[in-house]
Protein chains: 2
Amino acid sequence: MKFKERISLLVKERKSLICVGLDTDPDKIPDHLRSADNPVLEFNKLIIEATSDICVAYKPNAAFYEALGAKGWNTLKNTIKAIPDDVPVIVDAKRGDIGNSSKMYAKSVFEYLGGDAVTVSPYLGEDSLAPFFNYKEKFAFVLALTSNPSSQDFQLQEIGGRPLYEIVAENVQKWNKNDNLGLVVGASHPDKIKEMRNISGNLPFLIPGVGAQGGDLEASAKFGTDNGKSIALINVSRSVIYASDGVDFAERAREEVQRLNRELSEFDIFK
Amino acid sequence: MKFKERISLLVKERKSLICVGLDTDPDKIPDHLRSADNPVLEFNKLIIEATSDICVAYKPNAAFYEALGAKGWNTLKNTIKAIPDDVPVIVDAKRGDIGNSSKMYAKSVFEYLGGDAVTVSPYLGEDSLAPFFNYKEKFAFVLALTSNPSSQDFQLQEIGGRPLYEIVAENVQKWNKNDNLGLVVGASHPDKIKEMRNISGNLPFLIPGVGAQGGDLEASAKFGTDNGKSIALINVSRSVIYASDGVDFAERAREEVQRLNRELSEFDIFK
């Protein structure tokens with residue numbers, strides 16, 4: 001089954017849109033895990049064990065693993081391996097380079113790491129992303145409108161009367177010949193999620209920025225899914241994985257995902 | 001000495017603008033090296049040994065190492081370690097993420113790998129790049145106009161009558177408070193290199209696309225340096241490192257850099 005179908009199935013079964021962001025910072029790991037052989041991997045495994053039956057995807061951010069060097073790269077691979085096969089993994093890598101190099105990045109994410117999906121950055125245009133799109137069984141979320149304040153620097157600048165992120169969204173639809181593309185749309189722009197859904201047809205959205213970044217869960221869920229008609233994954237990272245810094249961290253992470261799922265259940269989006 | 005000063009010095013001393021791109025593809029390594037313990041590292045070391053006194057920088061592209069997983073990450077670190085201290089290293093990573101994550105990428109590139117400079121992608125705006133800029137002793141080249149055909153998809157789109165890449169260049173000048181920023185400007189747009197130099201003040205340029213990608217050496221050198229008044233690094237990768245696939249590959253790589261240096265010497269840019 002392909003990524004989109006797998007997500008659709010899990011959304012229905014679990015009545016959840018929650019993607020757990022595994023952005024594990026070694027400095028924020030509970031004390032009692034620090035003596036483990038590989039504290040980050042141990043932490044991730046316990047988070048996964050506690051949440052893998054109630055979320056619909058995981059999204060490790062490559063930055064947090066790269067910062068740990070070769071060992072971190074192994075930790076990322078082993079984290080992905082520890083995720084049950086039924087839950088898809090999005091490698092949050094925001095890669096984008098000329099074709100020759102992007103081919104290598106795609107190989108890294110899909111073949112070496114074994115990710116099911118990836119995030120990519122559109123600045124270099126179609127030929128820089130085609131090496132990702134060409135993995136027909138895999139999936140790529142293209143950055144359109146991000147959740148950070150400086151998204152206004154370029155993404156909100158108008159080209160022919162429309163913001164750059166809309167031009168990106170329009171292009172992604174054109175590029176979507178293998179039906180394996182989606183968009184990243186930040187939760188910090190709730191009004192714009194609605195507009196984006198209107199102009200993006202049925203493209204799956206990945207919505208970061210709920211939780212620590214203060215994005216709006218209700219708007220993200222209702223507008224992102226067009227009231228349950230499209231796919232929108234809501235990524236939550238820090239507020240889940242660091243719900244507690246004590247021995248109960250995994251249990252508290254599970255409770256936080258359950259709380260988010262309960263909130264989602266009030267929005268009438270699971271048909 | 002900071003990156004800019006180190007480059008200026010080498011340009012003067014060596015009468016070269018050549019940055020050797022270490023985009024080493026294991027499939028393109030000469031047969032006689034394949035039995036080495038780490039063929040990519042062995043290949044890189046021999047290329048470095050053969051060229052480190054006649055070029056002004058090296059630029060390994062992270063993609064080629066990531067594709068080899070944790071081992072590749074070690075190879076990248078050890079490649080950088082093998083480069084003599086007087087020749088600066090640009091890690092071509094094209095990273096860019098929200099601040100929290102970019103901080104980790106900057107740590108990876110500057111602290112773990114030990115790079116002197118990095119390439120970054122501007123799509124997420126200033127706060128996504130600040131973690132790189134904040135390493136005052138290091139340097140960052142921001143993608144403005146890239147050498148691939150699809151650079152037209154977004155970079156050439158007009159915002160208020162000016163192409164996006166010019167808006168990026170303008171912002172980079174504004175962000176350059178630590179005097180440690182430059183621009184990536186592809187050699188496949190020779191006319192635009194001239195315009196970019198006119199609007200970018202004295203910002204150092206990194207110019208990829210000469211060689212295998214067909215960019216124009218003379219226009220890149222003359223326009224990029226404003227006839228010797230500014231810094232422009234001309235990156236050449238495949239045409240140098242794969243100059244031969246025989247046992248003479250390193251010798252031929254050296255000859256190719258020497259040939260490029262001789263060509264550069266005809267343009268009256270070394271004052």
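Are any of the residues in segment B:212-225 free of Cβ contacts under 8 Å to residues at least 60 places away in the same chain, under 15 Å from B:A57 (Cβ atoms), aliphatic (A, V, I, L, M) and within 14 Å of chain A (Cβ to nearest Cβ)?
no
Looking only at helices (runs of 4 or more DSSP H) that lie completely in segment A:91-205, which have at least 1 residues being at pLDDT 95 or above and at the interface with chain B (Cβ under 8 Å from one of its Cβ atoms)?
Details: elements: A:99-106, A:126-133, A:151-154, A:164-175, A:190-199.
Fully inside segment A:91-205 and qualifying: A:99-106, A:126-133, A:151-154, A:164-175.
For segment B:57-73, what are the residues that are in a strand (DSSP E or B) and either touching an Asp or Glu at 6+ places or on another chain (Cβ under 7 Å) or of a type in the set (A, V, I, L, M, F, W, C) (or both)?
Once the filter is applied, which keeps residues that are in a strand (DSSP E or B) and either touching an Asp or Glu at 6+ places or on another chain (Cβ under 7 Å) or of a type in the set (A, V, I, L, M, F, W, C) (or both), segment B:57-73 yields B:A57, B:K59, B:P60, B:N61.
Across segment B:163-180, what is the total count of residues that are surrounded by fewer than 15 Cβ atoms within 10 Å (Cβ to Cβ) and more than 14 Å from B:S200 (Cα to Cα)?
1
Which of the residues that make up segment B:191-206 are over 18 Å from B:I54 (Cα atoms), buried (at least 20 other Cβ atoms within 10 Å of the Cβ) and not polar (S, T, N, Q)?
Once the filter is applied, which keeps residues that are over 18 Å from B:I54 (Cα atoms), buried (at least 20 other Cβ atoms within 10 Å of the Cβ) and not polar (S, T, N, Q), segment B:191-206 yields B:K192, B:I193, B:M196, B:R197, B:L203, B:P204, B:F205.
Quick one: in segment A:32-56, of everything that is of a type in the set (S, T, N, Q) and assigned to a helix (DSSP H, G or I), which residue is farthest from A:V91 (Cα to Cα)?
Step one: filter segment A:32-56 for residues of a type in the set (S, T, N, Q), giving A:35, A:38, A:44, A:51-52.
When the remaining residues are screened for being assigned to a helix (DSSP H, G or I), the result is A:44, A:51.
Numbers: A:N44: 14, A:T51: 18 Å.
Top of the filtered list is A:T51.
How many residues are surrounded by fewer than 24 Cβ atoms within 10 Å (Cβ to Cβ) and touching a Ser or Thr at 6+ places or on another chain (Cβ under 8 Å) if we restrict to segment B:217-244?
So the count comes out to 1.
For the list (1) assigned to a helix (DSSP H, G or I); (2) within 16 Å of the chain's Cα centre (by Cα); (3) of a type outside the set (F, W, Y), I need the number of the one condition that B:L9 fails.
It is condition (2) that B:L9 fails.
Would you confirm whether any residue within segment B:40-52 is in contact (Cβ under 8 Å) with a residue 60 or more places away in the chain, away from chain A (no Cβ under 14 Å) and in contact with a Gly (Cβ under 8 Å, 6 or more places away or on another chain)?
So far as segment B:40-52 goes, no, none of its residues is in contact (Cβ under 8 Å) with a residue 60 or more places away in the chain, away from chain A (no Cβ under 14 Å) and in contact with a Gly (Cβ under 8 Å, 6 or more places away or on another chain).
Kindly check whether there is at least one residue in segment B:56-75 that is touching a Cys at 6+ places or on another chain (Cβ under 8 Å) and either within 12 Å of chain A (Cβ to nearest Cβ) or among the polar types (S, T, N, Q) (or both).
Yes, that holds for at least one residue.
Of all residues being within 14 Å of another protein chain (Cβ to nearest Cβ) and farther than 18 Å from B:S101 by Cβ in segment A:76-85, which is surrounded by the fewest Cβ atoms within 10 Å (Cβ to Cβ)? Just the residue, please.
A:K81
The values are calculated or read from the model by the stated rules, or taken from the named source; none is laboratory data. Just so you know, these numbers come straight off a predicted model, no measurement behind them. We place every Cβ from the backbone using ideal geometry, glycine too, and count neighbours over all the protein chains shown.
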